[in-house]
């Protein structure tokens, strides 16, 4: 499945707006440094991303995530992968 | 029952029909009776034994909240091995630091094997490889398969004086240390907790205790206070993964409501987090009237958090008396004092000057500092205040501030790492072996009030952090005087929880006009290098921070002066040199508060 270019970034922006992050969010925005998300807020971001995109981020996916662009890449990889982690129902990847 | 062990607790619970309910992110729950958990643990234990784990071997456990954790923990216990739960990987965080920390913890406790699941194994693999536990890494699934079919009679009946588990605490330096507690100590603490709770609410046919917790299972309050206390009772326990609570705090209160919980606890921050973050729609239909004891521990208790929580959830049937401040530490297994769960937490108003300058607790009618009682020692636990050296005795009617010392049957047995610099488990004193908690406080009418701490640990949202990594994050910030930084935990406003405050001296010869930019850079550097967000950064004149004779920064003294408004540069005395101040990303808390829909938090004590 192909994903429209701004679909994921817009989704992430939406999540961050919901989290009351007021900064401008671009692909090169640094999650810790620019957004100042502490560990608790990062858990929240990860959970919201998983719920919205119906993906399950594996710990090794999260390994290199420093910027919003990195996060976007990981989500795109999951959405593009054919199979169980597509646009299925809630928490299809939870098993 | 003097020869009780953790294995026997599970065996006895297995006959009760009670068990543990695990809530998933859809808020559906799966129930496992203690009998089933015993059966699974026996198989896992057999697997561990077959792998080569022997009695007294340390078994590191890195698992999220779930039945696997019980399998691994009690599997180890049933063969007389010693479980050492460690924290699972952080989310969107610094995995490199996580791995280094985990490798250090594995080496520190001398883990013989690491038990985890497939998901965690893929990240912890390298940490494990670095620490080289002799038996490597095993998943719970592997161990159950290795253990074969159900079997009984595996219990090696360890000596109650033998080590029961290893828990980690930051001790007095902030560096996590493996704390060894015996079966006897754990059982003593569980009995003390239950005695206090049951004395207040006698067990009768009318009332069935049930507990709910979202606390991580590698944390003493989650493991001892929830998992083991519920099992000892035995009572049904509902467990929520901590990250689910963080993302959706309403889950916690809904579980209490749904499963008619009588006991549930959390660190102070969770109470304000819920008050601020749970929407009016979510509150509708919540029934918190069964909640008799809402324990508040693991970080300094604030009046602000408790008042907001009580106001916000009073309409859901929450009894204001339910809020129960407690105090404990991993070196005492867990619990040391409980306030009275039947009445509102006691508060005193004390003269600020007397507290800060004379070290005495002098009640005052108005304008004083409000301190909250964390209650009386649990049965069997002894507590005394050792006045700081140099402080003079106070006349009658006033209590002297001092170090909080603890003693009793639930004290730990020793640290598992053999660090010659480490403090001993229980330094002998005139009245027996007393452990210096590093906290300072005083006793008033037999109740303990905490006021600061002598140690440098940062306590933020119930977690303890060492100050050094934060201070070192500023090493590369040009314009900050290298090494002249103190990271301290203090409330930004009275009655609120502690936030990270960084005090940094400006490099010599640098103009004060750049201070604001410097502070902003410092905020970013800390965020980038640690998992922490600064509540405030203050740029100070060179030489402002108090130092020891050998030139080391005295954090506790810096903290005291900061809170008293006495941080002054050395030469000119001009009050606080608070020129550049960046509250920076610390605004997150203020923002969160706004997120709550519905009535504003009127009368907020801050």
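FYI, it's all coordinate maths here, none of it is from the lab. Keep in mind it's a predicted model, so treat the numbers as computed, not measured. Cβ coordinates were reconstructed from backbone atoms using ideal geometry, including for glycine residues, and neighbour counts include every protein chain displayed.
Annotations for the structure displayed:
- FRET E, pair residue A:14, residue B:554, Förster distance 45 Å, beta-carbon r, rounded to 0.05: 0.45
- Distance between the C-alpha centres of region B:1-41 and region A:1-59: 38 Å, rounded to the whole angstrom.
- Distance from the Cα centroid of region B:453-518 to that of region B:82-105 is 24 Å (rounded to whole angstrom).
- Computed extension length for residue B:258-residue B:29: 81.3 nm, one decimal, from 0.36 nm per residue of separation with the Cα-Cα distance subtracted.
- Chain lengthening between residue B:207 and residue B:475 when straightened (0.36 nm per residue, less Cα-Cα): 90.7 nm
- Efficiency of FRET between residue B:358 and residue A:81 - r from beta-carbon atoms, R0 60 angstrom, step 0.05: 0.35
- Extending 7 Å from the Cα toward the beta-carbon at both residue B:289 and residue A:66 defines two label points whose distance is 5.6 nm.
- The antiparallel fraction among DSSP beta bridges confined to region B:264-338 stands at about 35%.
- Proxy reagent accessibility, fewest Cβ within 10 Å first, across B:552, B:18: B:552, B:18
- Residue separation of residue B:129 and residue B:56 scaled by 0.36 nm, minus their Cα-Cα distance, works out to 24.1 nm of gained length.
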